[in-house]
Every structure is written in C-alpha cells, then in structure tokens.
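Every number in this text was worked out from the coordinates using simple rules, so none of it is lab data. On a predicted model such as this, the values are computed, not experimentally measured, just so you know. In this analysis, Cβ positions are derived from the backbone assuming ideal geometry, glycine residues included, and neighbour counts consider all displayed protein chains.
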Amino acid sequence: MLSKATVTVETVTTVEGIAALRPCYERLQRITGNTLPFALHQWHLTWCQHLLYRDPRRDDRPLFYVVRDGATECVAIIPFIVSRRRVGPLSFEFLRFLGMEQVLTEIRAPQVESGYEYLAVRAVRDSLANDVDWDWIHWTGIGGAFDDALRIGGGLQRQPSRPYYVLDLPPTWEELRRGLKRNIRESLRHCYNSLERDGLQFELQVITEPAGVRAALDRFFELHALRAGLKNTVVHPDHFASPIEREFLRAVCGRLSENGVFRLFGLRIGAETVAMLIGFVVEDNLYLYYSGYDPRWSRYSVMTTTMAEAIKHAIAQGLKTVTLSPGNVVFKTRWGPRELQCTSAYEQRDRLRSRLARRAYVTAVSGGGLHLWGLGRSTRVD
C-alpha cells in the first residue's frame, strides 16, 4: 500500500469527456503494460459512440472515475456504465464495466497503476456514495492488490471465474511445433498435406491498413455467418448479425488500424478468401478475436491453417505471446497454452430494497417468469 494519503477523483459522464481522456489512457498503457485491446482508449470511445444509447428500452450512462495522484498524473481509470432498470414495481440501478454485453468486449477490467489499488478503491467507493444510488456493482477482471482492496468492507459475492488462454511463443515456429502434443501436430500435417495433395496453394493475407478494413470486414461478416449457420456441430452464434454490432466493429477496427493494432488474417485459396481471423496486437501480444470460414472448405481444416499461419506471423514479428480469448474449448486448449482466470464479484448494497431488486433481476433475466421491462437483448447476468 502506498504511504501517500490522498488522491483526487474526476467523474466523466459524457462521450465528449471520454474522448478527452486519451492522454490518461496512453499513460496507463505505458505504466501497466496492458496487452488487451478492450482496455484501449479507442475501444472505450468507439463502444460509447456506437452502443451506449442505441436501445431506447435501456437507460445506460457512462460514469468513468479518473483517479489522479494529486491533480496531475492519472493513476487509474474505472470505466463504469450505470444501468437503470425496472422489474415489475421495482426500479434499481447497478454498475458494470464498459462492454457489459461480454460478447464484443470479451474481458473487462479497470486500469490501475501498481501501488495505487487501495487508494483507488477507497476513493471510488467514497465517490459512489455521493454520485449514484446504486443497488449493486459487478466488478470484473479483478485480481491481485485491487482484489485485496475490494475485500476491505466490500461484502463481495464471488462469481465463477472464466478461463482464457495465453500461448507463450518461442523464437521459431519449428520450436513451437515440436513442443505441441501429437494430436495437434497430426492435425497441422493434415491441413497442409490435404491442400498439397489436391494441388491447391494457399496464401495468407494480413490486412492492417485503414483503407482495407471495411471491405475485408464485409467478407469476414459473410464467413462468420456461414460458420454460425452450421448444423450438427459445436454452436457458434453469429455475434455480428445486428447492423449496430457490425458498424461498431468496422469503426473500432478502423481506429485501431490507424495505430497498428488491427490485424485481419485471411486465408486465400486461388481467388477466394475461405477463412478469416481477427487479431489485435497490443504491446508484444497478439489477441485472437472472432473468426469465420466457408464450410465448403472444411475438409481441409482451413480454420486450423489460418490460426497456425497467424501464430507464425506473430513469431515472425517478434511477439512474445498469443492470447486465445475466453472459453474452454479444444480448438484453443490443444495448443498447450497457459490458463488464466478472469475473476469477478458482486458487491451488493446492504439494504432490503437492493436485495429484493437483485433477486428479482436475476429471476427475470434467467427466465423465471417475471415480466421484465427495459432489459435489452444483450443484458445478462454475468
């Protein structure tokens, strides 16, 4: 814990105010070594501009706490979204981190400089007592000293952790391949040999420039939908079926491409792009996001080939890790990555109204039969 006694807290409640926070985000990026695209300024600003107010049935507003050491250096950003809902006769307010839908923003967490966790938690809790008549808070992406600070007087209710995976990269692809288990080595041999046996040549295209983002994403949306439409296999929902979600992805990828963060890996066979995989490079990490492929080419395991080629690209670029995103599925775990946990907890206000509201909300969202007003389709208990 720091020996310093005080920090100052600024509340930001408008999209314009969030846009002005870019220097704060850039400083925290340098200090914390964040490797997640979901904590970048471009992601938060674009999310608010495209997703915050689009559903008239929902009452959501930003409440970002910017914690400073004195009045100068930014040491933490706590990016809350305040949601107001009604369930029957009850109205209530709760707080979650930006990206509360968890589909587009896969990992949500605060940005806090090491050593300021206790001061930041104390300052934010003091401000919350005056700013919002909240009923509960959903803290996500917490761990270490920040988690320890939340435990002090918090009455946290722990939630099941969500695993995500990080693959440590050696200097060469051959060294990585030798260390893989036999099943994935055999799968990789099949991918490459089956194409060669049928006289087919592939090419990996890596789209990074802003000018190519929109057209490339149009093909990605097609392939993502085709994969989602497959029957009698693992279910892969179409996360970009809505025009709003597609426009958000176009906008955020366009912005991230301007800073060299965006990657779109496309596997071409002949004149056709048959599989695509979105990635984001933050610091020395490649975060692999959503994918899609044409089922007509599934016998060649083109998605496995695309992922292998993306990993080869990361090694060639000198990156140190590849993050395989949340979800315990064989497609990720067979690469032998490290498993990390995205932890979360609820902090419920100790009063009868808040306890009743939370219980009614959970019942309604889980389909327990209560009539539910104002909960958009992306609202979930998570």
Restricting things to alpha carbons, tell me how big segment 283-356 is in terms of Rg and Dmax, in Å. 18.9, 59
Using θ = phi - 60° and the Karplus form 6.51 cos²θ - 1.76 cosθ + 1.60, what ³J(HN,Hα) does each residue of segment 80-88 get, whole Hz, x for Gly and Pro? 7, 10, 8, 10, 10, 9, 10, 10, x
So for segment 31-153, considering every pair of alpha-carbon atoms, how many percent are separated by more than 20 Å? 45 percent
Can you put 164, 290 in order of Cβ neighbours within 10 angstrom, beginning with the fewest? 290, 164
For segment 120-210, with equal point scatterers placed on the C-alpha atoms only and solvent neglected, what are the log10 I(q)/I(0) values from the Debye formula at q = 0.16, 0.19, 0.23 1/Å, to two decimals? -0.85, -1.04, -1.27
Roughly how far apart, in whole Å, are the Cα centres of segment 296-359 and segment 121-150? 25 Å
Of the residues 253, 228, 290, the Cα lying farthest along the dipole of segment 164-340 towards its positive end, which is defined by charges on the beta carbon of Lys, Arg, Asp and Glu, belongs to 228
Normalised contact order of the chain, rounded percent, pairs of Cα under 8 Å and 6 or more residues apart: 23 percent
Percent of alpha-carbon pairs separated by more than 27 Å within segment 164-340: 23 percent
Pairs of lysine residues in the chain - Cα separation under 25 Å, sequence separation of 8 or more or cross-chain: 7
Sequence gap at least 6, Cα distance under 8 Å: using those rules, report the relative contact order of segment 164-340 to the nearest whole percent. 37 percent
What's the whole-number percent of alpha carbon pairs in segment 247-296 lying beyond 16 angstrom? 47 percent
If eta is 1.567 mPa s and T is 4 °C, what Stokes-Einstein diffusion coefficient results for the chain, Kirkwood Rh from Cα pairs, in µm²/s? 58 µm²/s
Run lengths n ≥ 4 of DSSP H only: what is the helix-derived mean residue ellipticity at 222 nm for the chain, with -39500 (n - 2.57) per run over all residues, to the nearest 500? -11000 deg cm²/dmol
For segment 262-283 and segment 205-222, what is the separation of their Cα centres, given in Å? 8 Å
DSSP H segments from the chain that extend 18 Å or more along their own axis, Cα-based, with Kyte-Doolittle mean of -1.0 or above: 117-131, 213-228, 243-258, 302-316, 352-365
Mind checking segment 23-54 for chymotrypsin sites (Phe, Trp or Tyr not before Pro) that DSSP puts in a loop (not H, G, I, E or B) and that have at most 11 other Cβ atoms within 10 Å? none
